[in-house]
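Below is one structure, written out as structure tokens; the observations come after it.
Each reported figure results from applying straightforward, stated rules to the coordinates on display, with no laboratory input. Owing to the predicted nature of the structure, the values given are computational and were not obtained by experimental measurement.
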């Protein structure tokens, strides 16, 4: 079992975060929690890397695609393909979006890192993300608008969820050598049971 203090999560600042100059602000908000940044780079994602990253199966494609079919039928729009293809269109749009410009992948480490980052980032759809979250505060996109425009929702950040996804995703973006092991002075405040050594 991994020590909870060493839990890691993958965060990717998407092309919209980079283009809007929000990289520093998003890092600051995560850093303020006390999580430790152990890897960071500016990168251009490949299509192959992104298909592996999203890692969906036919069951997922069919389920998501069926929702699209039902939405089209309810709106009186023609259903032009099988549900599974509508599901694959979701990932196709994500791959197109995520490969359109530079992204900033990073790894954060600390107690409940996956859950902490998920809470800060907010729900996947910006429109329904709570105020105080990154998505709630910095973007106004919605599933409805992205569907009308036939594109991926622009929600600034990818974050791993659950922990098993972080373990699978991290090696797609970083080698072991790129992950820095070091001591952060603030960890004493966050994790030292007795807080020894502060008095002079």
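Relative to the longest principal Cα axis of the chain, at what angle does helix 163-173 sit, 0 to 90 degrees, rounded to 10?
Value to nearest ten degrees: 90.
Relative to the longest principal Cα axis of the chain, at what angle does helix 83-98 sit, 0 to 90 degrees, rounded to 10?
50 degrees
Please say if region 125-168 is rounded, prolate or oblate, where rounded means a/c under 1.5 for a ≥ b ≥ c the square roots of the C-alpha gyration tensor eigenvalues, and otherwise the choice is prolate for a/b larger than b/c and oblate otherwise?
Working: a/c = 2.95, a/b = 1.44, b/c = 2.05.
Oblate, because a/c is 1.5 or more while a/b does not exceed b/c.
Return the ratio Rg/(2.2 N^0.38 Å) for region 74-125, where Rg is computed over Cα atoms only. It would help to have the intermediate numbers written out before the result.
Values: Rg = 16.9 Å, N = 52, 2.2 N^0.38 = 9.9 Å.
After normalising by residue count via 2.2 N^0.38 Å, the value is 1.71.
Compute the acute angle (0 to 90°) between the alpha-carbon long axis of helix 58-74 and the principal axis of greatest extent of the alpha-carbon atoms of the chain; round to the nearest 10°.
50 degrees
How high is the relative contact order of region 79-200, in percent, with contacts defined as C-alpha pairs under 8 Å that are six or more residues apart?
Over region 79-200, the number comes to 20 percent.
In terms of the Cα gyration tensor, with a ≥ b ≥ c the square roots of its eigenvalues, is region 46-100 rounded because a/c is under 1.5, prolate because a/b exceeds b/c, or oblate? Intermediate results must be reported in sequence, preceding the final value.
Numbers: a/c = 3.33, a/b = 1.93, b/c = 1.73.
Judged from the Cα gyration tensor, region 46-100 comes out prolate (a/c at least 1.5, a/b above b/c).
Could you check which residue among 55, 32, 155 shows the biggest mean-square fluctuation in a GNM of the chain with a 10 Å Cα cutoff?
Residue with maximal mean-square fluctuation among 55, 32, 155: 32.
Only helical DSSP H runs with n ≥ 4 go in: add -39500 (n - 2.57) per run for the chain, normalise by residue count and round the 222 nm mean residue ellipticity to 500 deg cm²/dmol. Mind dumping the intermediate values first?
Values: 10 runs with 92 residues, N = 200.
Taken over the chain, the calculation gives -13000 deg cm²/dmol.
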